[in-house]
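See structure below.
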Amino acid sequence: MRKALRWLLALTVLIGTLSTAGAATAAQPEATGTSGTTSEDIKDRLLAIPGMSLIQEKPYTGYRYFVLNYTQPVDHRHPSKGTFQQRIAVLHKDTARPTVFYTGGYNVSTTPSRREPTQIVDGNQVSMEYRFFTPSRPAPADWSKLDIWQAASDQHRIFQALKPIYGKKWISTGGSKGGMTATYYERFYPRDMDGVVAYVAPNDVVNQEDSAYDRFFAGVGTKECRDKLNAVQREALVRREPLEKKYAAYAADNGYTFTTIGSLDRAYEAVVLDYVWGFWQYSLLSDCDAIPVDAAHATDDDIWNSVDSISGFSAYTDQGLETYTPYYYQAGTQLGAPTIHFPYIEKKYIRYGYQPPRNFVPRSIPMKFQPSAMRDVDSWVRHNAHHMLFVYGQNDPWGAERFRLGSGARDSYVFTAPGLNHGANVAGLVADEKALATARILEWAGVASSTVRSDPSAARPLAPFDAKLDRRDVEREPALRP
């Protein structure tokens, strides 16, 4: 999961009694009237939580938005052995509304935003920064405490802390690594959430078996587009010498170094080999019109610019890798990472192939892969999924290895948005699946009307679209990063 991996973060508080939200009404609740709690004191209630502190409050019409720090144990199994400050953000609508718990699996945004399920249920949103993404990193950093159970336990404690304030139903969500995070949270704490909406979540069950990706790239899009992309990628390796001179100048101009990956040559090949993956992760088939038509006769600048615009030549520099060290660490210890082959490129042009996550993490950080971690999650989802919705994009490479449901799953779904990439969402599904997904989210959140219950095709988001608040674009991470 590299540039797609890259373009693509009191110790016990009593849980309030779970209550069932009533059907949504046409009237929209005001942020200033919250179940007997005025807008003026919601900040006081949040800050009264042990370990919670305010970083800043930002205004947004109809909401209140807080960026907060929450004190977490470094090790949830041994909470006396140190703490760290974890950033969260709260988009407050009304305590009478459901709450969506969002994580992207990386850094948290400190700008007010609303994820698709939050718009659908017209609710509050709590967003969590993933542990070890700065500044939510223990000091000193014991990297052995960066695993999916510890991160799920971070979410569990945040939920326990906020549930007495936000007492209605909760839905967890996330995209890409955030979709994985929402799934892992459900696996370890299945009684916390009332539903899960996981977008484009990879599921690398057997790290050494990646043939699904090769099959994906052999048939994605059209042959014309595949041929154009493959030709540019190959040409970038054929012209390695002149383009690496350009790369060296680019690195010198920007102060980039290559200590972690080992050399400029390794970094160059890694960027080039991400090119086709990165295109399908972040682009649409129509974007193929911008790819050079005749790579063999294109200028060096044309090849460079096309690769840079999709893969990004800063990706595997020390400076580009540093932000994503926690991701690569997890990919190399639990999550797994894809390996694909390039049958259209002669072996003499490929020196390293897809490099393992170990190459993208400083050698001072020890790593050991745990093959049982993803098998455990996959088995749990197949046999225990309840109120879970997985959404994938037809043309997204990360969907080649995806979560699937078994006979033990209940009221759970896997849908694929036709023609979409790593930004696939409910809005992009075909009409009947879009209506069903929307209806189930509303039901899980406790705000489905009697009409929607009897006729899912009537389901619509309860909040109107807000161009500034609602995100519909793909969050670009590095190409082999989900």
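Residue check: is Arg187 open to solvent by 10 Å² or more (accessible area, probe 1.4 Å), modelled with pLDDT of 95 or more and in contact with a helix residue (DSSP H, G or I) (Cβ under 6 Å, 6 or more places away or on another chain)?
Judged against the criteria, Arg187 is a match.
Taking the condition open to solvent by less than 10 Å² (accessible area, probe 1.4 Å), charged (D, E, K, R) and either closer than 27 Å to Lys169 by Cβ or under 19 Å from the mean Cα position of the chain (by Cα) (or both), does Asp41 pass?
So Asp41 fails the test.
For region 197-212, does any single residue satisfy the condition of being within 27 Å of Ala96 (Cβ to Cβ) and touching an Asp or Glu at 6+ places or on another chain (Cβ under 6 Å)?
Checked against the condition, which is being within 27 Å of Ala96 (Cβ to Cβ) and touching an Asp or Glu at 6+ places or on another chain (Cβ under 6 Å), region 197-212 yields no hits at all.
Any residue at all in region 338-358 that's touching a His at 6+ places or on another chain (Cβ under 9 Å) and within 24 Å of Val205 (Cα to Cα)?
Yes: region 338-358 contains one or more residues that are touching a His at 6+ places or on another chain (Cβ under 9 Å) and within 24 Å of Val205 (Cα to Cα).
Would you please list the contacts, defined by Cβ atoms under 7 Å and residues six or more apart or on different chains, that run from a residue in region 415-433 that is under 18 Å from Val121 (Cβ atoms) to a residue that is open to solvent by 50 Å² or more (accessible area, probe 1.4 Å) and not acidic (Asp, Glu)?
Taking only residues 6 or more apart or on different chains, the pairs are Val426/Lys434; Ala427/Lys434.
Which ones in region 52-75 are over 13 Å from Ser109 (Cα atoms) and in contact with a His (Cβ under 8 Å, 6 or more places away or on another chain)?
Tyr63, Arg64 - these are the residues of region 52-75 that are over 13 Å from Ser109 (Cα atoms) and in contact with a His (Cβ under 8 Å, 6 or more places away or on another chain).
Matching residues to (1) open to solvent by less than 10 Å² (accessible area, probe 1.4 Å); (2) in a strand (DSSP E or B); (3) farther than 22 Å from Thr183 by Cβ:
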| residue | (1), (2), (3) |
| --- | --- |
| Leu389 | yes, yes, no |
| Tyr392 | yes, yes, no |
| Gly423 | no, no, no |
| Lys434 | no, no, no |
| Pro461 | no, no, yes |
| Pro482 | yes, no, no |
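Report whether or not Lys177 is open to solvent by less than 10 Å² (accessible area, probe 1.4 Å) and within 19 Å of Thr333 (Cα to Cα).
Judged against the criteria, Lys177 is a match.
Take Leu47 and decide whether it is touching a helix residue (DSSP H, G or I) at 6+ places or on another chain (Cβ under 7 Å) and open to solvent by 30 Å² or more (accessible area, probe 1.4 Å).
Considered against the rule, which asks whether it is touching a helix residue (DSSP H, G or I) at 6+ places or on another chain (Cβ under 7 Å) and open to solvent by 30 Å² or more (accessible area, probe 1.4 Å), Leu47 comes out as no.
Please specify each residue of region 402-411 satisfying the condition of being open to solvent by 20 Å² or more (accessible area, probe 1.4 Å) and either within 29 Å of Ser283 (Cα to Cα) or among the polar types (S, T, N, Q) (or both).
Arg402, Arg404, Leu405, Ser407
Can you tell me how many residues within region 202-217 are open to solvent by 60 Å² or more (accessible area, probe 1.4 Å) and either out of contact with any helix residue (DSSP H, G or I) (no Cβ under 9 Å at 6 or more places or on another chain) or of a type in the set (Lys, Arg) (or both)?
Result for region 202-217: 3.
Are any residues in region 184-217 assigned to a helix (DSSP H, G or I) and within 30 Å of Val121 (Cβ to Cβ), and if so, which ones?
Tyr184, Tyr185, Glu186, Arg187, Phe188
State all residues of region 169-183 that are of a type in the set (A, V, I, L, M, F, W, C) and not in a strand (DSSP E or B); if no residue qualifies, say none.
Passing the criteria: Met180, Ala182.
So which residues in region 129-145 are open to solvent by 30 Å² or more (accessible area, probe 1.4 Å) and of a type in the set (S, T, N, Q), if there are any at all?
Listed by number, the residues that qualify are Thr134, Ser144.
Consider region 90-107. How many of its residues are within 23 Å of Val200 (Cα to Cα) and buried (at least 20 other Cβ atoms within 10 Å of the Cβ)?
Count: 8.
Considering only residues that are surrounded by fewer than 16 Cβ atoms within 10 Å (Cβ to Cβ) and not in a helix (DSSP H, G or I), which ones fall in region 330-351?
His341, Pro343, Tyr344, Glu346, Arg351
The values are calculated or read from the model by the stated rules, or taken from the named source; none is laboratory data. What you see is a predicted model, and the numbers here were worked out from it, not measured in a lab. In this analysis, Cβ positions are derived from the backbone assuming ideal geometry, glycine residues included, and neighbour counts consider all displayed protein chains. SASA here: full protein model, heavy atoms, side chains in, ligands and nucleic acids out. Shrake-Rupley method; radii C 1.70, N 1.55, O 1.52, S 1.80 Å.
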